[in-house]
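Data block below; observations after.
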Amino acid sequence: MIKRLSLTTIVVVLILGLAPQDGFSQQDPQYTHYMYNTMSINPAYAGQRETLSILGLNRTQWVGIDGAPETQSFSVHSPLRNRRIGLGLNFVSDGLGPARENFLDANFSYTIPIDDNNTKLSFGVKAGWHNISTDWTKGVYQNQDAVFNQDISLNSIIFGSGLYLSNRKWYVGLSVPNLFTTEHYDDFQESLATERLHYFLTGGYVFDLSDNLLFKPAFLVKGTQGAPLIADVSANFLIHDLLTLGVAWRWDDSIAGMAGFQITPGIYIGYGYDYTTSGLSNYNSGTHEIILRFETQRLGRILSPRFF
């Protein structure tokens with residue numbers, strides 16, 4: 001076993017040992033701004049911004065705990081000329097303890113109009129590559145001959161699919177980001193674990209409270225066999241198409257505050273802070289997340305404000 005170098009981390013590991021394993025296993029990266037980073041979990045979202053959209057995200061989780069998750073994400077997607085086909089590229093780098101995981105996938109969507117109210121159904125698939133590597137020099141070992149003390153680098157294929165139904169007021173999505181099994185690092189067992197299928201259900205609705213104020217509640221539910229459901233709910237306000245303020249809550253994990261500003265019609269920056277509500281709250285100073293989105297005008301058309 002790895003002997004942690006700080007008293008704080010020793011205490012945290014003891015807390016994790018007293019809790020059910022599935023409750024703390026984090027196999028996929030999680031985001032406070034999931035409502036702005038939809039393509040990372042659902043390929044059917046590719047092209048749904050109706051313009052070239054580029055998003056960068058940086059997440060530093062559980063500040064103060066050695067080896068806590070750190071995630072960087074980059075995505076770009078756009079519809080093609082006929083607007084029914086969307087293409088996207090997504091890259092995620094996720095660090096946890098001595099392990100680093102990289103995901104790279106291409107996304108394809110095809111959209112079918114449903115009615116005259118701009119309701120449409122999008123089908124999506126993604127395919128790509130996943131790599132996990134470990135660097136055990138970050139710890140001190142009691143058993144130098146243990147197999148997991150050896151650095152590794154494993155590669156696997158990603159293939160996922162999704163559905164996305166929406167119009168200008170609401171959306172709902174269902175997806176399985178990866179239908180193949182991949183290896184992840186399990187910080188509780190300090191070893192590699194095989195990922196189970198994850199199912200994501202997302203949704204949201206935009207209410208016009210006034211000419212200059214929009215309100216959007218949204219949710220994300222993640223389920224996997226053998227583990228409890230993970231639920232995120234959020235409420236965001238868009239003021240004068242410029243300022244976004246919101247709160248979010250993750251079941252038995254954290255509450256978060258979010259703020260964002262539309263610097264120009266094509267540039268948006270947002271910040272989120274998570275306060276941990278689980279047993280880890282005494283051992284970290286929270287989670288920070290920053291997003292930056294850049295979008296272009298399409299064929300000289302001014303971008304209409306989109307809240308999802």
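All of the numbers you see were taken from the coordinates with simple rules; none came from a lab. Small disclaimer: the values here were computed from a predicted structure and weren't measured. Note: ideal-geometry Cβ built from the backbone for every residue, glycine included; neighbour counts use all protein chains shown.
Where a ≥ b ≥ c are the square roots of the eigenvalues of the C-alpha gyration tensor, would you call segment 244-293 rounded, which needs a/c under 1.5, or, failing that, prolate if a/b is larger than b/c, or oblate? Prolate.
Extending 7 Å from Cα along the Cβ direction at residue 123 and again at residue 229 yields two label points whose distance is 2.8 nm. The simple Förster model, with R0 at 22 Å and r as the Cβ-Cβ distance, assigns residue 114 and residue 210 a FRET efficiency of 0.15. Each label point was placed 7 Å from the Cα along the Cα-to-Cβ direction; for residue 259 and residue 80 their separation is 4.3 nm. Available extension along the chain between residue 159 and residue 219 is 19.2 nm, counting 0.36 nm per residue and deducting the alpha carbon span. Shown in residue order for segment 34-43 are the 3J(HN,Hα) couplings computed by the Karplus curve 6.51 cos²θ - 1.76 cosθ + 1.60 at θ = phi - 60°: 4, 6, 9, 10, 5, 5, 5, 10, 9, x Hz (x for Gly and Pro).
Couplings 3J(HN,Hα) for segment 255-261, derived from phi with the Karplus relation 6.51 cos²θ - 1.76 cosθ + 1.60 (θ = phi - 60°), are 10, 9, x, 9, 9, x, 9 Hz, where x marks Gly and Pro.
Label-to-label distance for residue 282 and residue 169 is 4.9 nm, based on points extended 7 Å past Cα in the beta-carbon direction.
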